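Worksheet for the structure shown next.
The values are calculated or read from the model by the stated rules, or taken from the named source; none is laboratory data. All figures in this text were calculated on a predicted structure; none of them were measured in a lab. So basically every Cβ, Gly included, is an ideal-geometry build from the backbone, and we count neighbours across all protein chains shown. Protein only, heavy atoms only, side chains kept; ligands, DNA and RNA dropped before computing areas. Shrake-Rupley method; radii C 1.70, N 1.55, O 1.52, S 1.80 Å.
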Amino acid sequence: MASIVLIGFMGSGKTVVGQEIARRLGWPFVDTDAMVEAAAGMRVAEIFARFGEPRFRALERDAIVSVSTSGTAEDAVVATGGGAMLDPENRRRRKEIGPIVWLDADVESIMARVGSDTTRPLLRGADVGARVRALLLERESAYATADHRVDTSGRSVAAVADAVLTTISPAGACG
Ligand code: S3P
């Protein structure tokens, strides 16, 4: 099996589920947000605040290029930031990495998980619920380009990890 790429909205569980799957498979876990932070020497929120979203997106693109071209992607579980798949070039490149699983979640689950999070710049401001709904609508078609979709709403990390592994295994593949 090639590396597994997890995509989806903030709060869909990409990081925690990715870490759980990596632990079960004995594979390394790679997080593109962490790669961006390491390259910039600062947290995502600080990159947004000091240099703006375009700079963050450029660093995110570099991280995805690096995962798809270096050996990093060999047998690894890769979690991408929630906006990474909006970039057509990133969508093309991720196909070189491995099967893509969209971790989907309803607005209620997202709000419960990250509604009051202060580390995600795109979720700051007055009406976070409206913001989440608008961004979800805007991004749905990009997420839907994944090979597989797993609904994480109201499910535990272990249950989602089970579902991902079942979905991508040849017997459970749903295309
Ligand atoms: C973003 C999601 C974040 C991070 C940045 C932008 C987005 O990652 O990349 O704050 O555009 O949805 P998570 O999805 O891991 O929260």
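Taking the residues in the stretch 20-41 that are without any contact (Cβ under 8 Å) to a residue 12 or more places away in the chain and within 13 Å of the ligand (Cβ to nearest atom) as candidates, determine which candidate is surrounded by the most Cβ atoms within 10 Å (Cβ to Cβ).
By that ranking, first place goes to 37.
Mind listing whichever residues of the stretch 37-65 are over 18 Å from the mean Cα position of the chain (by Cα) and not in a helix (DSSP H, G or I)?
Scanning the stretch 37-65 gives 41, 42, 52.
With 151, 162, 147 as the choices, which residue is touching a Pro at 6+ places or on another chain (Cβ under 7 Å), open to solvent by 20 Å² or more (accessible area, probe 1.4 Å) and not aromatic (Phe, Trp, Tyr)?
Result of the check over 151, 162, 147: 147.
Identify the residue in the stretch 42-53 that is charged (D, E, K, R) and free of Cβ contacts under 8 Å to residues at least 12 places away in the same chain and, among all such residues, is surrounded by the fewest Cβ atoms within 10 Å (Cβ to Cβ).
Among those that are charged (D, E, K, R) and free of Cβ contacts under 8 Å to residues at least 12 places away in the same chain, it is 50.
Assess whether residue 142 counts as being surrounded by fewer than 16 Cβ atoms within 10 Å (Cβ to Cβ), part of a helix (DSSP H, G or I) and out of contact with any Phe, Trp or Tyr (no Cβ under 6 Å at 6 or more places or on another chain).
no
Which number in (1) closer than 25 Å to residue 158 by Cβ; (2) free of Cβ contacts under 8 Å to residues at least 60 places away in the same chain; (3) part of a helix (DSSP H, G or I) marks the one condition that residue 68 misses?
(1)
Take the residues in the stretch 54-81 that are open to solvent by less than 70 Å² (accessible area, probe 1.4 Å) and farther than 19 Å from residue 22 by Cβ, then tell me which one is farthest from the ligand (Cβ to nearest atom).
Looking at the filtered set, the residue picked out is 65.
Take the residues in the stretch 1-19 that are crowded, with 20+ Cβ neighbours inside 10 Å and in a helix (DSSP H, G or I), then tell me which one is farthest from the ligand (Cβ to nearest atom).
The selected residue is 17.
Just name the residue that is farthest from the ligand (Cβ to nearest atom) out of those in the stretch 104-139 that are part of a loop (DSSP other than H, G, I, E, B) and closer than 20 Å to residue 164 by Cβ.
Result: 106.
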